[in-house]
Amino acid sequence: MMICSLSLVLAGCVCGVTLAAGGGAGSSSAPVTVVQNLPIAKGAGGSAPASALPLSPELNAGFAGIEDSQRFGPASAQIAAGPTHVVQAINSLFRISDKTGVAVAPVDPRVLFDAFYVANPSYTIYPERSAPLGPTAIYDHFSSRFVIVWGAVNDSGSESSLLIQVSLTSNPTQGWRLFTLRSDVDGIAGTITDTDALSDSLTVGFDNTNLYFTTNQLSPSGAFRFAKIRVAAKHQFYNPTANPIRFHDLVNVLDANAVLASSIRPCVTFGVPGREFLVSAPVAAGDNLTLYSVTGTWPNATQTPPLLKVEAKVPFNAWMAPSKMSQPASAVLLDGGDGRLLNAVYRNGVVYTGHSIRAKGFTCAAGIKSINVATKTKVLDEVLGATGEFYSFPAVTADAVNNVYTVFNRSSKGAFAECRYALKKSTESTFEISKQLKGGTSKSIQFGGAWGKSNGIALDPTLNGGVWVSSMFAQTTPSLSFTFGTWVGNFGQQGPVPVGPQVVATYDDLAKTLTLTGDASANEIAVSYASGVVTIVAQPGTQVNGQPDVKFAVSTGPIIVMADLGAGHDVVTFTGINSSTMNVILGLGDDQITIRLSTVSTVFVDGGLGADILLTPSSRFTKKTFLSFP
């Protein structure tokens, strides 16, 4: 059953998409060693031998991804990984697989979003222009949801939309909620303005509070106009109400060079830095990246728009846009990209990103860059390439102990376009020698845009789950003169990830609600309010959102506190809290709760089974209910 009303700004649907299992696992090709970015001996002009660097690790898993989508090349391969499944998306198809490669049949998002097409006949299903294209797939580890976002332009080129699907749970086979947002309108401080600027180059990032949609806005003829950042509170998608989705657009964004930015990339954020970091680069040529931050959410109780700040102009070694890529047995050159950044990840105080570039004597190479957000200086400035080889479309991520992972494409006059991956351990000065994810088997054509467009990379959220990648390679079939395939792989092991007692903390500023969810272990936290900030500090042995502490800026006035600490011997302290409603469930275990220096209108605390202790020094309650305490 669908419940939906797809209109100007919002369409919200609950779609119980039941997908039948099918398909199976494949196996990766034997790895091939290539020379890439090797250190050069002092005073020498050539590369060091390949033995100077170790090989990247073998694949943990590898299997065929979605087969060709010839209707809508290139693939624009994307991947997201949850606890039990991976979701792969390419232009106009997505597929759910378990981690052995057993897959649900691919789904055409035009079918999934059928209600949108029915309600908006200017977006007919069949022309390519109206098809959902350019997907971004992510797994929000804060909220345990998959999100896939597609772009669509109507037949006449007069409007564009974002088609958004959000999994109901961490298991994507259990169904999706569907939303559409017009992307040719600007929403600024609650006012919606219709424009004729159409969206392209879509990317999605997130932090613990918001989703961030970034696009290049184009004229109907396809000329670049400006970059846009759309900020929307996540709770609207994960716990929707009958209200329309509200968002705030930051438009006509300038970079640190005081020129119009393009292809701004929001971070997939690990940890809670208190702001969202974004990054952009000059496209044709450059020697710097612009680091941005966004603070605040939308909507919020005070109607204060999110704040965009140019944090820094960060110098890097100079680069130019890459040349086109050669391939065997063909004079057709493949387009390896134009220098725009392709993805961004924030972790442990560093922003990671990558793009196709011409640099260090390589005409088409994979540039991997990172920025220390505290010092506003570069950390990595790597160029992966080899003489006579063409490397393109790198996607990059990092794990909890700062190992860095990348996936990219490679071709040459002697090798069809293929998929490769590489690792740089935190203890190493540069990347290890890359290995083949999947080899190309045939010459390819040049699509209307860049050949591969993008590759996908995602950390597995489970302990030692490694990194998942998805990429496009050239192949053919007997019935077609050209086609492509995609391949999925997993490699490496993450460094240590948070284990033991965990508490997930979220704050919804519109509802003014702080939510704390514990696990079955012994959770021990201290919650305090001071100067407009609620701080949750994990005591030794516990973590909050995988961190020692988390802070939320809160509006003035009382807040709602909803806490379920789960089983285990929990200890929780609230200090200085002004709350209209405080509802705390401590569950099984010998628990202790302290509410000090707080004013609460209605308090309900259930200690559950166990020998529990309740302390309320210097606190005032209008209505109180304490259950299961001596």
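Throughout, read-outs are computed from the coordinates displayed, never taken from laboratory work. The shown structure was predicted, so the numbers you read here are calculated from the model rather than taken from an experiment. Methodologically, a virtual Cβ is constructed for each residue, glycine included, from the backbone with ideal geometry; neighbour enumeration extends over all protein chains shown.
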(request) With no solvent and one equal point scatterer placed on each C-alpha of the stretch 502-627, evaluate the Debye formula and give log10 I(q)/I(0) for q = 0.09, 0.11, 0.16, 0.17 Å⁻¹, two decimals. (result) -0.21, -0.32, -0.69, -0.79
(message) Using 27 Å as the Cα-Cα cut-off, could you pick out the over-long pairs in Lys369/Lys443; Lys228/Lys360; Lys99/Lys425; Lys99/Lys378; Lys309/Lys512?
(response) Lys369/Lys443; Lys228/Lys360; Lys99/Lys378
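In the neighborhood of Val231, defined by Cβ-to-Cβ distances under 14 Å, what is the net charge if each Lys or Arg adds +1 and each Asp or Glu adds -1? List each step's numbers first, then the result.
Details: positive: Lys228, Arg230, Lys234, Arg246, Arg275, Lys309; negative: Asp186, Asp207, Asp249, Glu276, Asp509.
Net local charge, Val231 excluded: +1.
When Asp287, Asp184 are ordered from fewest to most other Cβ atoms inside 10 Å of their Cβ, what list results? Before the final figure, lay out the partial values.
Numbers: Asp287 12, Asp184 21.
Fewest to most other Cβ atoms nearby, the residues stand as Asp287, Asp184.
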(message) For a quick check: sort Met325, Met582, Met472, Met562 by the number of other beta carbons within 10 angstrom, fewest at the front.
(response) Met562, Met582, Met325, Met472
(message) Can you give the FRET efficiency to the nearest 0.05 for Ala284 and Leu333, using r as the Cβ-Cβ distance and R₀ = 30 Å?
(response) 0.95
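Net charge within 12 Å of Phe247 by Cβ-Cβ distance, Lys/Arg positive one each and Asp/Glu negative one each, not counting Phe247 itself? Walk me through the intermediate numbers first.
Details: positive: Arg182, Lys228, Arg230, Lys234, Arg246; negative: Asp186, Asp249.
Here the count lands on +3.
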(message) Can you compute the helix-only [θ] at 222 nm over the chain? Use -39500 (n - 2.57) per DSSP H run of at least 4 residues, normalise by all residues, nearest 500 deg cm²/dmol.
(response) -500 deg cm²/dmol
(request) Set the Förster distance to 45 Å, then compute FRET efficiency between Asn372 and Val118 from the Cβ-Cβ distance, nearest 0.05. (result) 0.35
(request) Any chance you could check the Cα centroid distance between the stretch 290-345 and the stretch 146-177 for me, in angstrom? (result) 22 Å
